[in-house]
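In what follows, a structure is listed as structure tokens, so that the remarks can point back to it.
The values are calculated or read from the model by the stated rules, or taken from the named source; none is laboratory data. None of the values given here were measured: they were computed from a predicted structure. Positions of Cβ are generated from backbone atoms using ideal geometry, with glycine treated the same way; all protein chains shown enter the neighbour counts.
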Amino acid sequence: MEESLNRKARDLLATPSHEGAEILVKQLSLPQETNEFQTAEDLFNFCANNFPNCLTLMFLKLYRHSSNDVIRFHSLYLLSETLAVFRNCNIKLSRVALHEIKPLVIECLTMQETKESDMKFLGRVVSLITYNVVICDNGGWHELSDCILWLAENEPVKAFHVFIDLPSVYKSFINKFMKVIVEKAEKVLLNPVKSEVEDWSLALETVVKLGIQISYKDMRYVKMVENLLSILAKSVKELVEKGNEQFLVQGLEHLERFLSEDKYLCNYNKEQCHFVMAFMFRIKSFGTQSKEIIKKINWLVQTPGNRAGKHSSLKINPLVQTPGNQDHGEEFDRAWLDHLKTLSSLEVLKIFASTDLEDETREMAIRQLNVLLSDHTSKRVEIDFSVMRQLQPLLISCLRQEGITDSMFKVLGEVVSHVAFEIFKHQDVTWYALRNYITSSKIEFQRAVYIFQCLTMPLENEEFLIPVIEILLPEISRRLNPPTELMVDNSCWVLAFTGAFCAAIHLIEVSSHAESVKEIAHKMIESVRKLVERGMEVGLVRRAFRDVGSIVKKQLRWYDTSEYKLVKGLLWRLYAIKGMKWESKIVLWRINVIVERRVDEMVKELPENEFDWLNLTDEEVE
């Protein structure tokens with residue numbers, strides 16, 4: 001076994017190509033129960049135990065040169081975790097390896113492909129390599145000091161990330177960039193309205209970390225320490241005076257999390273703890289909401305503590321979150337979400353479409369895409385129509401993928417809805433591939449009807465609508481037959497009910513299918529009546545009513561008189577069912593309130609008779 005791992009490790013680490021390293025990272029991002037993950041984990045841990053220098057170089061080169069954005073992010077996470085374990089296990093990188101590693105790190109920091117979202121883990125990598133440089137006394141690292149200066153002048157957020165993770169360094173290292181980084185951080189701290197809480201907190205941590213770094217060096221820094229405390233106090237005071245104390249509380253909570261880790265990694269001495277306490281003392285009287293978090297930070301720096309004990313064996317945490325590495329999973333999730341926010345909608349969808357990733361990682365991607373498209377639909381951001389066209393074929397491919405969980409498919413349906421909304425606004429464009437998906441005999445009913453009900457825009461193109469209705473409606477009608485007993489999963493009847501409602505709404509103005517609207521509406525009412533008689537409201541009827549209410553909210557913007565009459569007539573007849581519990585009627589009443597509040601008064605017209613609500617004339621009834 002060991003001989004086989006030794007051979008594989010040498011092949012992996014000695015090969016100039018990055019193909020083997022990419023495969024390893026992909027396999028380490030799979031669920032832990034898979035054979036691929038377990039094989040990759042054995043190889044990974046063998047390399048970490050026996051070839052730490054080569055493994056570090058491999059990950060850095062992979063991040064530096066890979067064109068796969070996901071691989072680069074995952075390799076960075078793995079490297080940061082690996083180096084942290086090396087430090088805890090007292091495994092030092094060699095001087096010879098550091099000679100090659102240091103310039104590679106500088107390249108990673110300054111290259112155009114490095115995103116701000118990468119900096120959480122890249123900053124930690126820099127810190128841990130700097131720690132190795134310090135303990136090896138490897139002639140210092142003047143190039144990193146120059147790099148931080150360049151970043152501070154050109155990309156200050158990246159400079160903040162690198163600096164706050166550094167171990168204790170010598171004063172000439174800090175002197176190069178101290179003035180510039182303070183100016184950049186002060187600008188962020190004094191303009192909180194223009195900054196997100198995360199950016200403001202990062203600037204806060206930067207100034208605090210600088211005070212911690214210089215507070216014990218020598219008396220020449222006394223004036224600078226006082227200046228830093230003044231900057232911090234001024235920024236906090238202005239926040240409170242402008243009524244932004246909750247913003248301040250969030251920022252201080254970020255600072256507490258940072259200090260709780262940095263204190264033990266850097267072994268704060270007495271002077272360094274006093275700097276933090278002096279900051280807390282200056283701001284304790286500025287507000288009321290922040291008093292509790294100030295007490296916590298004071299307690300944190302006053303409480304003695306030792307660094308975590310060294311590990312007896314070397315084992316790297318996997319990418320996927322498990323009960324055994326929950327903290328690492330949460331940290332990865334936060335950084336992964338930040339990374340997704342930097343990508344385009346098409347890039348995010350490509351990540352979701354990949355089957356090489358663990359389900360939770362993919363689900364975060366599709367949820368982020370849904371947020372992005374929701375912002376476009378609500379006009380908070382603008383996405384070009386050409387991008388929507390690019391998303392179409394990939395979305396159909398995702399819909400047809402096997403193994404997509406119900407929770408992911410639910411969000412995927414919402415994404416399809418946003419894209420379809422843009423496509424259907426153009427009268428000369430029909431999404432035939434989506435129609436073909438819904439009508440395909442290979443697609444299970446629940447998923448086909450769910451996607452159909454996600455299409456909450458008016459479906460005026462009969463080339464799209466009629467084939468969908470002709471395939472779905474017979475099956476909807478069959479599945480509307482009320483079940484005789486409650487099942488563990490009652491979603492099939494509920495989906496049939498909501499699908500029937502959507503079919504009726506979309507067909508109400510289609511004269512050729514007037515009889516279909518009548519039949520399906522009456523069947524909905526009769527099915528509910530039977531379920532009420534059987535006492536099965538809670539698990540079925542009430543859930544279906546709530547789902548219809550959600551659909552109505554999304555459709556209301558385009559309701560005309562016919563749609564208004566249909567909804568009102570259906571609500572009246574459902575409400576009149578004898579024996580229905582009050583809780584179910586409340587759901588119907590809420591739908592009615594929403595309809596009355598949001599439908600244009602100009603189109604409101606109450607049904608005149610038994611058939612008017614179905615948009616039927618006397619001739620059609622006869």
Original post:
Which one of these does THR430 not meet: (1) within 20 Å of GLN390 (Cα to Cα); (2) of a type in the set (Ser, Thr, Tyr); (3) modelled with pLDDT of 95 or more?
Top reply: (3)
Subject >> Matching entry among PHE464, PHE421 (being in contact with a Phe, Trp or Tyr (Cβ under 8 Å, 6 or more places away or on another chain) and over 30 Å from GLU533 (Cβ atoms)) >> reply: PHE464
Subject >> Conditions (1) farther than 22 Å from ARG124 by Cβ; (2) part of a loop (DSSP other than H, G, I, E, B); (3) at pLDDT 90 or above: number failed by LEU93 >> reply: (1)
Subject >> Filtered residues of the stretch 67-102 (kept if under 14 Å from LEU24 (Cα atoms) and either in contact (Cβ under 8 Å) with a residue 60 or more places away in the chain or among the hydrophobic types (A, V, I, L, M, F, W, C) (or both)) >> reply: VAL70, ILE71, PHE73, HIS74, LEU76, TYR77, LEU78, LEU79
**OP:** Residues being aliphatic (A, V, I, L, M), under 34 Å from the mean Cα position of the chain (by Cα) and closer than 20 Å to LEU588 by Cα: count how many of those fall in the stretch 456-504.
**Re:** 5
Subject >> Matching entry among THR377, THR355 (being over 24 Å from GLN27 (Cα atoms) and of a type in the set (Ser, Thr, Tyr)) >> reply: THR377
Original post:
Would you call ARG72 more than 17 Å from ARG124 (Cβ to Cβ) and either modelled with pLDDT under 95 or surrounded by 17 or more Cβ atoms within 10 Å (Cβ to Cβ) (or both)?
Top reply: no
Original post:
Which condition breaks for GLN27 when tested against (1) buried (at least 17 other Cβ atoms within 10 Å of the Cβ); (2) within 22 Å of ALA97 (Cβ to Cβ); (3) of a type outside the set (Gly, Ala, Ser)?
Top reply: (2)
Subject >> The one condition in (1) outside any helix (DSSP H, G or I); (2) touching a helix residue (DSSP H, G or I) at 6+ places or on another chain (Cβ under 8 Å); (3) of a type outside the set (Gly, Ala, Ser) that TYR564 fails to fulfil >> reply: (1)
Subject >> First in the stretch 489-514 and on the phi > 0 side of the Ramachandran plot, second anywhere and among the basic types (Lys, Arg), Cβ under 8 Å, 6 or more apart >> reply: none
Original post:
Out of (1) part of a helix (DSSP H, G or I); (2) touching a residue at least 40 places away in the same chain (Cβ under 8 Å); (3) surrounded by fewer than 22 Cβ atoms within 10 Å (Cβ to Cβ), what's the single condition that is false for GLY287?
Top reply: (1)
**OP:** Evaluate the stretch 209-227: report whether one residue or more is β-branched (Val, Ile, Thr), within 21 Å of GLY287 (Cα to Cα) and crowded, with 16+ Cβ neighbours inside 10 Å.
**Re:** no
Original post:
Before we move on, is TRP558 aromatic (Phe, Trp, Tyr), surrounded by fewer than 17 Cβ atoms within 10 Å (Cβ to Cβ) and within 35 Å of the chain's Cα centre (by Cα)?
Top reply: yes
**OP:** Name every residue in the stretch 365-398 that is β-branched (Val, Ile, Thr) and without any contact (Cβ under 8 Å) to a residue 12 or more places away in the chain, in order of residue number.
**Re:** VAL371, VAL381
**OP:** Please give the number of the condition ARG380 fails out of (1) in contact with a helix residue (DSSP H, G or I) (Cβ under 8 Å, 6 or more places away or on another chain); (2) in a loop (DSSP other than H, G, I, E, B); (3) over 27 Å from TYR77 (Cβ atoms).
**Re:** (1)
Original post:
Do we find that ARG10 is out of contact with any helix residue (DSSP H, G or I) (no Cβ under 8 Å at 6 or more places or on another chain), part of a helix (DSSP H, G or I) and either charged (D, E, K, R) or crowded, with 19+ Cβ neighbours inside 10 Å (or both) in this structure?
Top reply: yes
Original post:
In the stretch 22-39, which residues are free of Cβ contacts under 8 Å to residues at least 40 places away in the same chain and either assigned to a loop (DSSP other than H, G, I, E, B) or not hydroxyl-bearing (Ser, Thr, Tyr) (or both)?
Top reply: ILE23, LEU24, GLN27, GLU33, THR34, ASN35, GLU36, GLN38
Original post:
Where in the stretch 100-192 are the helices (runs of 4 or more DSSP H), entirely inside, with at least 3 residues that are within 18 Å of LEU79 (Cα to Cα) and under 31 Å from the mean Cα position of the chain (by Cα)?
Top reply: 119-136
**OP:** Would you check which residues across the stretch 469-523 are closer than 21 Å to VAL552 by Cα and acidic (Asp, Glu) and list them?
**Re:** GLU509, GLU519
Original post:
If we scan the stretch 224-240, do we find a residue that is within 30 Å of SER75 (Cβ to Cβ), at pLDDT 90 or above, under 32 Å from the mean Cα position of the chain (by Cα) and not small (Gly, Ala, Ser)?
Top reply: no
Original post:
Could we say that GLU519 is in contact (Cβ under 8 Å) with a residue 12 or more places away in the chain and either surrounded by fewer than 18 Cβ atoms within 10 Å (Cβ to Cβ) or not hydrophobic (A, V, I, L, M, F, W, C) (or both) here?
Top reply: yes
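Yes/no per residue for (1) buried (at least 18 other Cβ atoms within 10 Å of the Cβ); (2) at pLDDT below 95; (3) farther than 18 Å from ARG557 by Cα:
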site: HIS376; (1), (2), (3): yes, yes, no
site: SER386; (1), (2), (3): no, yes, yes
site: LEU412; (1), (2), (3): yes, no, yes
site: VAL415; (1), (2), (3): yes, no, yes
site: GLU444; (1), (2), (3): no, yes, yes
Original post:
Restricting attention to the stretch 126-142, and to residues there that are in contact (Cβ under 8 Å) with a residue 40 or more places away in the chain, over 22 Å from LYS115 (Cβ atoms) and not polar (S, T, N, Q), which single residue is surrounded by the most Cβ atoms within 10 Å (Cβ to Cβ)?
Top reply: TYR131
**OP:** Would you be able to tell me the number of residues in the stretch 352-381 that are of a type in the set (A, V, I, L, M, F, W, C) and touching a Ser or Thr at 6+ places or on another chain (Cβ under 8 Å)?
**Re:** 5
Subject >> the stretch 172-222: number of residues that are closer than 18 Å to LEU255 by Cα, at pLDDT 90 or above and polar (S, T, N, Q) >> reply: 3
